[in-house]
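Participant: The structure follows.
The values are calculated or read from the model by the stated rules, or taken from the named source; none is laboratory data. As the structure is a computational prediction, the values presented were derived from the model and not from experiment. Cβ atoms come from the backbone with ideal geometry, glycine included; neighbour counts cover every protein chain shown.
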Amino acid sequence: MFPNTTTQNPLETSTALNLETPFEIALNTNQPSASLAIDPGSTLTTARNLGVINTTGRITITDSVSFTGDRSDIYAFSLTSGSRTQITLSALAADADLRLIQDANNNGQIEANEVLRVSEFAGTRNDTIELSSLAIGNYFLEVSAYSGSTNYRLDISAAGTDTGSTIATASELGIINGNKTIPGTIGIGINGDPSDLYRFRITNDSNLQIDLTGLSSDADLYLIQDANNNGLIDTGETLGRSILSGNSPERISLNNLRSGTYFVEVSQYRGQSAYSLSISADSAGDTPRTARILDNIPGVTTTVREYVSTSDSEDFYRFFLNSNSNVEINLRNLTSDADLYLIRDANNNGLYDIGEAIDLSLRTGSQAEQISLQNLAAGNYFIRVRSFLGENNTNYTLDFRSTPNSTYRIASGTLGADRFTVTPGVNQTIISGNGNVDFGRGQYDILDLSNVASNSFREVNILGLNGGTGVALDLGNGTRLFDSLTLSNGQQILFEGIDRIQFSNSTFTLAVTPNDPLFSQQWNLHMMGVQNAWRFTQGSTRVTIGIGDTGLGVNNAGQIHPDLNLQNTFVLTGNDVIDDYFRTIRDDGYGPQFDSHGTLVQSVISSVANNNLGTAGINWTSSVTAVDILDGNTGDFTTAEAARQLIDSALANNQRLIINLSIGGGLYNPQLAALAAQYQDQVLFVISSGNSNVNQLDNPAGLARQFDNVVAVGGVLGRQDIFGNTTQPGTRFNYGALGGSNYGDGLTLMGPTEVLAATAIQSGRDLRFTTDPQFGGTSAAAPNVTGVASLIWSANPNLTAREVSYIMQDTAYDLNTPGYDSQTGSGLVNADAGVRRALAIAAGYA
């Protein structure tokens, strides 16, 4: 179901502001102050070490950053006890931002949810991060210039404090990778201290075990997720509990807990007690069949931090080699004995059998283990980490690196037009074009073979052309089918996302260009690589799309916008799908509306293509059902009614359903959550994250924290913002206090915003059908992602809704910091790479 119509607003913005300034960071404590003047590094490995903050006293740092020079400063610090921590960045002359980071896997890189807190106010306003209790551990602070150059001051205070007892005051444990143990007391203090609450994250789906031991009186243990993000523990938000009597140890164990933010509560039942709280998160599988897949980017070390124990004695990881390679595996940071194995599942039964170990390292005690092999053949392999005899508990760090024996080169394009060439002497060149925002200007992602004639290749294998099946290749984010050319000298070129190939005697165009006159202005499609994906699919009748919005603009003659396909647009019985152009809800959007929000959304997804009119939609074939759920007008459906009927219709017609919700606001909706849970394989929900520029997703996008078939979408810009200011393609739209794309836990992907779309506007007593050149906010971003998702599902209708989401995340163009981050999720959705991944799965590749 959709959220209640009385609490929703279309998600659009039409204003922007960009301010930046110098800044200063200060570290405040209750101790005497010290001043540091040594220039900090700009990476985690070169960070300036501030030492133990809660014992060194007040630290004040003054330094400078510049957007065009020394862009960021990073400081390392430690806490030896849980502390109330305040960090302030001040004295700015330009815009700078502040981040609190935990390097959970100790690989020296900022990645995958390792940013614990962010403060990024626009302009010269102070940035502040406050935590009522930050747990024992090692942390980093980053000061980064957003634009311009500025001096800054940094203040940090870390004073001892008791663990909080509410969601808002919970002690921050950061990211749990492996095992973390925290001492505490319960039932002691002025107010009796009846409960302690801890906040933590897991960054991969994990088996979670929480142990409460060392009790001298009765205390209970609870695992909680604040699903609706309201700061309260509501009915249904307790995921697990252990309430044994007396001073018995308590334990909660859950398998396959989804990555996200959780809380653990230690609650007094009777008496006072010290305790030891241990939390273990195991994201590795227990068998080859359930092994965690390791990223395998040739020449790049992948690092994992995990835990084995007497109750979870072994972990399995899987990796794939595309070619014969040298492999190095290290197991380090052990506190007790664990062993390392390299395995090939020869009989493919998903189990580790006798004789399947290729190599092993069995050093005694806590010595590091190492496996190093030369010229390992291409194929699937498994790494096994095992506690010695299953009798030891230890955290560990696993490093994996492969280097192909043959020479190769990987070339990855920007979001603009790129020209790729082949280097002499390189056996294999792998090229990813990654979309091209400049396509409509006549600038292309080009494979430049201008020194080679088009008829001089040893082998041509262009996917879908003359029976070409493409070449399967996994670059660490899932196997995809690449186009392939082999030169007469044996050099192989594998490529995707290429618009044109330039030969010495001709030019071959791969991108699809429809005849719609405004297609050249649809930079959003070009930046997502839709013109490349159309080579393989333009949609399918096996997929249908539901749009819950304001309905459609209908003129006095009963017509919708001529660039929408009336024959392929459906309505639900009983729903007044005609846009009323009036919001009855008494909020800041109350009153008459100028244009048809629902028409804009549907235009992005499915405007008629190749009709010599207006714009081209992303999906040319799949049916669309428009439903009016917004503004509280007579005849509108509640979101519950709309979603239920859309699902029933899709199931009855054996179709895969994508529901686009460019809406937001209001409370958590349990009915919608129930539908998302019930139809995780059949229905994909794509929802705007919101436009308040805050570190929190609007409802219902927050459901993405709970369900893998819910995609929360933020918005990014192209070459300029709404005011005409030049922007870097893929920049999150951020206009400070005037609005911006919401971010935070659960943000899944980014889509383009401030884009060209068809609309219907009020004109006297009738409507005028026209286009809006700047359809904005995350309202515009969501239908871009919906359109791409529909192409991926059309390319392989046997996928589940969750798998479509995984594909979009795995193949997205990375933005901001490397890997997943709460500002831009997994990155900008990439249509071409996503469709190629879907086709590879359909062809039988994992």
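Participant: Since residue 414 meets every condition but one in (1) at pLDDT 95 or above; (2) not assigned by TED's automatic domain parsing to the domain that holds residue 482, which condition does it not meet?
Facilitator: (2)
Participant: With respect to residue 365, determine if the residue is over 23 Å from residue 206 (Cβ atoms), assigned to a loop (DSSP other than H, G, I, E, B), without any contact (Cβ under 8 Å) to a residue 24 or more places away in the chain and not assigned by TED's automatic domain parsing to the domain that holds residue 205.
Facilitator: Spelling it out, it is not the case that residue 365 is over 23 Å from residue 206 (Cβ atoms), assigned to a loop (DSSP other than H, G, I, E, B), without any contact (Cβ under 8 Å) to a residue 24 or more places away in the chain and not assigned by TED's automatic domain parsing to the domain that holds residue 205.
Participant: Considering only the range 265-296, state which residues are out of contact with any helix residue (DSSP H, G or I) (no Cβ under 9 Å at 6 or more places or on another chain) and closer than 22 Å to residue 372 by Cα.
Facilitator: Hits for the range 265-296 are 288, 291, 292, 293, 294, 295, 296.
Participant: Can you go through 78, 64 and tell me which one is modelled with pLDDT under 90, touching a Phe, Trp or Tyr at 6+ places or on another chain (Cβ under 8 Å) and part of a strand (DSSP E or B)? Talk me through it step by step, then tell me what you get.
Facilitator: Details: 64 fails: modelled with pLDDT under 90.
Going through 78, 64 in turn, the sole match is 78.
Participant: Residues in the range 118-131 that are farther than 20 Å from residue 738 by Cα and either in contact with a Pro (Cβ under 9 Å, 6 or more places away or on another chain) or crowded, with 21+ Cβ neighbours inside 10 Å (or both): how many? If you could, list the steps in order and put the result at the bottom.
Facilitator: Taking the range 118-131 as the starting set, the residues that turn out to be farther than 20 Å from residue 738 by Cα are 129-131.
The next check asks that each one be either in contact with a Pro (Cβ under 9 Å, 6 or more places away or on another chain) or crowded, with 21+ Cβ neighbours inside 10 Å (or both); those that pass are 131.
The total comes to 1.
Participant: Can you report the number of residues in the range 266-296 which are crowded, with 22+ Cβ neighbours inside 10 Å, part of a strand (DSSP E or B) and not aromatic (Phe, Trp, Tyr)?
Facilitator: 6
Participant: Out of 299, 350, report the one residue that is modelled with pLDDT under 85, touching a helix residue (DSSP H, G or I) at 6+ places or on another chain (Cβ under 6 Å) and assigned to a loop (DSSP other than H, G, I, E, B).
Facilitator: Among 299, 350, only 350 is modelled with pLDDT under 85, touching a helix residue (DSSP H, G or I) at 6+ places or on another chain (Cβ under 6 Å) and assigned to a loop (DSSP other than H, G, I, E, B).
Participant: Can you name the residue in the range 731-761 that is part of a loop (DSSP other than H, G, I, E, B) and of a type in the set (D, E, K, R) and is also modelled with the lowest pLDDT among such residues?
Facilitator: Ranking the candidates gives 745 first.
Participant: Residues being over 20 Å from the mean Cα position of the chain (by Cα), under 23 Å from residue 176 (Cα atoms) and not in a strand (DSSP E or B): count how many of those fall in the range 81-106.
Facilitator: So the count comes out to 3.
Participant: Between a first residue in the range 59-71 that is in contact (Cβ under 8 Å) with a residue 60 or more places away in the chain and a second residue that is outside any strand (DSSP E or B), which pairs have beta carbons less than 6 Å apart while being 6 or more apart in sequence or on different chains?
Facilitator: Qualifying pairs under 6 Å: 67/147; 67/148.
Participant: Additional query: Would you point out the residue of the range 201-232, among those that are more than 26 Å from the chain's Cα centre (by Cα) and either surrounded by fewer than 17 Cβ atoms within 10 Å (Cβ to Cβ) or of a type outside the set (A, V, I, L, M) (or both), that is nearest to residue 317 (Cα to Cα)?
Facilitator: To start, the set of residues in the range 201-232 that are more than 26 Å from the chain's Cα centre (by Cα) comprises 210-222.
Add one more test, that the residue is either surrounded by fewer than 17 Cβ atoms within 10 Å (Cβ to Cβ) or of a type outside the set (A, V, I, L, M) (or both), and what stays is 211, 213-214, 216-218, 220, 222.
Numbers: 211: 26, 213: 31, 214: 34, 216: 40, 217: 41, 218: 40, 220: 35, 222: 30 Å.
Among those that are more than 26 Å from the chain's Cα centre (by Cα) and either surrounded by fewer than 17 Cβ atoms within 10 Å (Cβ to Cβ) or of a type outside the set (A, V, I, L, M) (or both), it is 211.
Participant: With the structure loaded, tell me whether residue 438 is among the acidic types (Asp, Glu), more than 25 Å from residue 716 (Cα to Cα) and touching a residue at least 60 places away in the same chain (Cβ under 8 Å) or whether it fails that test.
Facilitator: In short, no.
Participant: Looking at the range 187-206, which of the residues that are hydrophobic (A, V, I, L, M, F, W, C) and under 30 Å from residue 802 (Cβ atoms) is modelled with the lowest pLDDT?
Facilitator: Per the stated criteria, the residue is 202.
Participant: Looking only at the range 811-846, how many residues end up being of a type in the set (D, E, K, R), part of a helix (DSSP H, G or I) and out of contact with any helix residue (DSSP H, G or I) (no Cβ under 7 Å at 6 or more places or on another chain)?
Facilitator: Within the range 811-846, the first condition is being of a type in the set (D, E, K, R), and the residues that meet it are 814, 821, 832, 836-837.
Among the residues that remain, those that are also part of a helix (DSSP H, G or I) are: 832, 836-837.
Subsequent filtering for residues that are out of contact with any helix residue (DSSP H, G or I) (no Cβ under 7 Å at 6 or more places or on another chain) retains 836.
Summing the residues that are of a type in the set (D, E, K, R), part of a helix (DSSP H, G or I) and out of contact with any helix residue (DSSP H, G or I) (no Cβ under 7 Å at 6 or more places or on another chain) in the range 811-846 gives 1.
Participant: Within the range 730-751, identify whether any single residue is in contact (Cβ under 8 Å) with a residue 60 or more places away in the chain and more than 20 Å from residue 823 (Cβ to Cβ), and answer yes or no.
Facilitator: Checked against the condition, which is being in contact (Cβ under 8 Å) with a residue 60 or more places away in the chain and more than 20 Å from residue 823 (Cβ to Cβ), the range 730-751 yields no hits at all.
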